[in-house]
Amino acid sequence: MIEIKEEQLDMFAEKEFGILYLYTPFCGTCQLAKKMLSVVEELLPALAIHTANLNFLPKQAIEWGIESVPSLLIFENGEVTHKKYAFHSVEHIYQILKEYAA
């Protein structure tokens with residue numbers, strides 16, 4: 001996974017597709033979800049999953065309507081098209097992301 005900062009978020013507006021995982025450092029559920037995403041990333045190497053600490057993105061949190069962390073955002077043509085807050089299992093995340101790996 002690739003950690004990005006606020007100034008790098010423009011890449012999602014410019015790209016046709018992107019995946020962004022939002023977390024906060026002291027969130028235990030976020031740490032577990034990140035481990036699950038790491039496994040999925042190994043299974044789907046064609047996907048580039050970016051991560052960002054939501055504490056440093058207050059403006060974007062409001063703009064994107066983030067309700068909680070962890071959250072997984074899928075961008076298509078510069079817009080957030082999907083938000084996922086529930087990380088039930090590796091299989092669950094894999095099923096969500098495998099369609100984007102083609």
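Couple of notes before you dig in:
- Relative contact order, percent, the chain [alpha-carbon distance under 8 Å, six or more residues apart]: 39
- If R0 equals 35 Å, the separation of the Cβ atoms of Lys35 and Glu76 corresponds to a calculated FRET efficiency of about 0.85.
- Label zone at Asn53 (point 7 Å along Cα-to-Cβ), backbone N below 19 Å, region 25-39: 25-35
- Protein accessible area in region 3-43, 1.4 Å probe - carbon and sulfur %: 54
- DSSP-assigned coil residues among GluC sites (Glu not before Pro) in region 3-100, each with at most 13 further Cβ atoms within 10 Å: Glu16, Glu67, Glu99
- Here the dipole of the chain is about 340 debye; that uses its Cα centre as origin and unit charges on the Cβ of Lys and Arg (positive) and Asp and Glu (negative).
- Under DSSP loop assignment and at most 15 Cβ neighbours within 10 Å, longest chymotrypsin sites (Phe, Trp or Tyr not before Pro)-free interval of the chain: 27-84
- Heavy-atom surface of the chain, accessible at 1.4 Å and reported per residue (Å²): 57
- Label selected from (1) 9.6; (2) 10.3; (3) 5.8, the criterion being mean projected area of the Cα convex hull in nm² as computed here: (3)
- Phi angles across region 5-20 convert, under the Karplus curve 6.51 cos²θ - 1.76 cosθ + 1.60 with θ = phi - 60°, into 3J(HN,Hα) values of 10, 3, 5, 8, 5, 4, 4, 6, 6, 8, 8, 5, 8, x, 10, 10 Hz, Gly and Pro given as x.
- Positive-end ranking of Phe26, Leu44, Thr81 along the dipole of the chain, with charges on Cβ about the Cα centre, is headed by Phe26.
- If R0 equals 30 Å, the separation of the Cβ atoms of Glu42 and Lys5 corresponds to a calculated FRET efficiency of about 0.75.
- FRET efficiency, Ala13 to Glu91 (Cβ-Cβ, R0 35 Å, nearest 0.05): 0.65
- Pairs from Lys34/Lys59; Lys34/Lys83; Lys5/Lys59; Lys15/Lys35 whose Cα-Cα separation, in the structure shown, is over 20 Å: Lys34/Lys59; Lys15/Lys35
The values are calculated or read from the model by the stated rules, or taken from the named source; none is laboratory data. Computed from a predicted structure; not experimentally measured. Quick reminder, even Gly has a Cβ in these numbers, built from the backbone with ideal geometry, and neighbours come from all protein chains shown. Only protein heavy atoms, including side chains, enter the accessible area calculation; ligands, DNA and RNA are left aside. Shrake-Rupley method; radii C 1.70, N 1.55, O 1.52, S 1.80 Å.
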